[in-house]
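Before any comments, here is the structure.
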Amino acid sequence: MHNMKFLPYLELKPQHQDLRAELNQAFNEVLDSGWFIQGKQLEDFETEYAAYCGSQYCVGVGNGLDALHLILRAYGIGAGDEVIVPSNTYIASWLAVSYAGATPVPVEPDLATYNIDPQKIAAAITSKTKAIMVVHLYGQVADMGPVIAIARQHGLKVIEDAAQSHGAKYKGAISGNLGDVASHSFYPGKNLGALGDAGAITTNDAELAHQLKALRNYGSQVKYHNEVKGYNSRLDELQAAMLRVKLKRLDGWNQQRRALAQQYNEGLQDLPGLVIPFVPSWSEPVWHVYPVRHAQRDALQKHLHDAGIGTMVHYPIPPHLQAAYQEMQLPAGSFPLSEQIHAEILSLPLDPYLSPDDVARVIAAVRDFALGTKT
């Protein structure tokens with residue numbers, strides 16, 4: 001087993017080899033057009049991605065963090081305001097709130113799905129709360145029905161962070177079109193990834209989309225006329241062109257991810273000490289990652305590495321324990337569920353270009369560890 005080729009956690013080369021001719025053609029089109037910012041590729045991508053998400057508007061921006069930040073700015077959320085965020089998420093969700101000058105108010109996840117627990121949101125709402133930010137972590141949509149009900153009751157905006165859930169569904173409806181507005185990241189490793197940083201915002205709110213188009217472009221809709229103090233956060237023509245090529249493949253890739261996740265589910269069920277992902281009946285995940293949990297996570301990770309298999313921890317340290325948020329004075333033990341998840345979680349290799357044989361190899365190594373027959 002040890003002389004087998006190392007299986008990296010994620011390898012983007014096969015995808016780009018497969019698409020090389022189309023990506024080259026798209027690159028040449030942009031190069032020949034002589035237009036690199038706010039042009040036709042961006043317009044076409046915005047139209048196509050809005051259609052994909054079932055939303056009326058799509059606004060391309062520089063990255064997923066900017067998408068969240070600009071949403072908060074467009075809503076006028078800032079100093080003195082609070083935004084409910086998951087305690088179990090990537091730090092970008094919190095950073096956007098901090099950028100806007102508002103305060104992130106963390107709420108614990110449902111341990112079964114790793115997403116924000118709707119039952120715990122109400123207790124976190126105060127007179128300062130302006131929005132609830134849900135993150136569809138690992139490619140599975142959060143339980144939106146109860147979240148929206150609570151938000152409507154309290155007059156709050158619902159912001160989806162759909163960075164990891166391109167194409168995922170909740171009760172048959174697609175992520176990115178489930179709340180008031182959604183942010184999307186096209187970081188290269190995402191299900192729909194650019195060849196660099198890129199992001200977008202989807203919404204059905206015409207006024208919000210109008211404001212966002214100004215905010216991303218120095219606060220200007222008409223050149224040199226600045227309505228507001230804006231930013232420079234634009235999805236450039238090259239990235240838009242690359243994303244348009246990949247968007248056509250996204251559903252096929254997600255199907256492939258589902259098939260491999262199913263193979264993992266079957267091969268890893270009922271192993272002592274191993275928790276595999278739980279999928280509620282209303283959820284159709286797109287398996288951005290395949291996360292398992294084990295109390296001996298570090299030993300499992302080492303065992304897999306020794307067997308020539310790369311893994312990742314998404315994420316090792318929860319935001320409340322990061323040095324960046326020490327001023328919030330949330331010591332260890334403040335959010336025990338998030339802390340447990342961060343101590344036990346491990347992402348196994350999963351991408352559309354992995355073969356069933358690759359997945360079988362990972363399954364065998366995990367089984368070895370769980371059953372104590374370490375080779």
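Treating each Cα of the chain as an identical point scatterer and summing with the Debye formula, the log10 of I(q)/I(0) at q = 0.07, 0.09 Å⁻¹ comes to -0.31, -0.52.
Using Stokes-Einstein with the Kirkwood hydrodynamic radius over Cα pairs, what translational diffusion coefficient do you get for segment 1-61 at 37 °C and a viscosity of 0.692 mPa s, in µm²/s rounded to a whole number? Taking Rh from Cα pairs, D becomes 223 µm²/s. Only the Cβ atoms of Lys and Arg (+1) and of Asp and Glu (-1) were treated as charged; on that basis the dipole of segment 248-375 about its Cα centre amounts to roughly 180 debye.
Summarised as an ellipsoid, segment 1-128 has semi-axes of 36, 26, 13 Å, derived from the eigenvalues of the Cα gyration tensor scaled by 5 and square-rooted, with the largest first. Considering only GLU227, GLU11, GLU46, the Gaussian network model of the chain with Cα springs below 10 Å gives its largest mean-square fluctuation to GLU227.
Assuming charge only on the beta carbon of Lys and Arg (+1) and of Asp and Glu (-1), the dipole of segment 89-214 about its Cα centre is about 140 debye to the nearest 20.
Hey, can you rank 100-107, 327-334, 294-301 by average C-beta count inside 10 Å, highest first? Intermediate values should be presented prior to the final figure.
Details: 100-107: 21.2, 327-334: 11.2, 294-301: 16.2.
In decreasing order of mean packing, 100-107, 327-334, 294-301 become 100-107, 294-301, 327-334.
Bridge orientation summary for segment 55-196: considering DSSP beta bridges with both residues in this region, about 15 percent are antiparallel.
So what is the 222 nm mean residue ellipticity for the chain from helices alone, if each DSSP H run of at least 4 adds -39500 (n - 2.57) and you divide by all residues, rounding to the nearest 500 deg cm²/dmol? Before the final figure, lay out each step's value.
On the way: 11 runs with 139 residues, N = 375.
Rounded to the nearest 500, the figure is -11500 deg cm²/dmol.
For segment 1-135, what does the relative contact order come out to in percent, with C-alpha contacts under 8 Å and a separation of six or more? RCO, segment 1-135: 18 percent.
Relative contact order of segment 210-336, please, whole-number percent, based on alpha carbon pairs below 8 angstrom and at least 6 residues apart. Walk me through the numbers before you get to the answer.
Details: 83 pairs, mean separation 14.0, N = 127.
Computed value for segment 210-336: 11 percent relative contact order.
Please check: in the Gaussian network model of the chain (C-alpha springs, under 10 Å), which one of ASP18, ASP351, ASP66 has the largest mean-square fluctuation. Its mean-square fluctuation being the largest, the pick is ASP18. Take the Cα coordinates of segment 325-375, assign each an equal point scatterer, and use the Debye formula without solvent to give log10 I(q)/I(0) at q = 0.25, 0.32 Å⁻¹. Evaluating at q = 0.25, 0.32 Å⁻¹ gives log10 I(q)/I(0) of -0.97, -1.12.
Per the Debye formula with a single identical scatterer at each Cα and no solvent contribution, what log10 I(q)/I(0) holds for segment 70-136 at q = 0.21 Å⁻¹? Cα-only, vacuum Debye calculation for segment 70-136: -0.80. When 1/r is averaged over all different Cα pairs and the result inverted, which Kirkwood radius in Å belongs to segment 93-234? Hydrodynamic radius (Kirkwood, Cα only) of segment 93-234 equals 16.3 Å. Accessible surface area normalised per residue over segment 152-194 is 31 Å², counting heavy atoms of protein chains with a 1.4 Å rolling probe. Counting only protein heavy atoms and using a 1.4 Å probe, what share of the accessible area of segment 82-212 belongs to carbon plus sulfur, as a whole percent? Carbon with sulfur: 51 percent of the solvent-accessible area.
For segment 183-260 and segment 104-160, what is the centre-to-centre distance using only Cα atoms, to the nearest Å? Here the two parts' Cα centres lie 24 Å apart.
The HN-Hα couplings worked out from phi for segment 276-288 by the Karplus form 6.51 cos²θ - 1.76 cosθ + 1.60 (θ = phi - 60°) are 9, x, 9, 10, x, 4, 8, 10, 10, x, 10, 6, 4 Hz, whole numbers, x standing for Gly and Pro. Evaluated on segment 166-293, the Kirkwood hydrodynamic radius is 17.2 Å, with distances taken between all distinct Cα atoms. Computed about its Cα centre, the charge dipole of the chain is approximately 60 debye, with only Lys, Arg, Asp and Glu carrying charge at their Cβ.
If packing is taken as the mean number of other Cβ atoms within 10 Å per residue, what is the order of 36-42, 52-58, highest first?
52-58, 36-42
The values are calculated or read from the model by the stated rules, or taken from the named source; none is laboratory data. Owing to the predicted nature of the structure, the values given are computational and were not obtained by experimental measurement. Glycine gets a Cβ as well: all are built from the backbone with ideal geometry, and neighbour counts include every protein chain shown. For the accessible areas, the whole protein counts, side chains as well, though only heavy atoms, and no ligand, DNA or RNA atoms are used. Shrake-Rupley method; radii C 1.70, N 1.55, O 1.52, S 1.80 Å.
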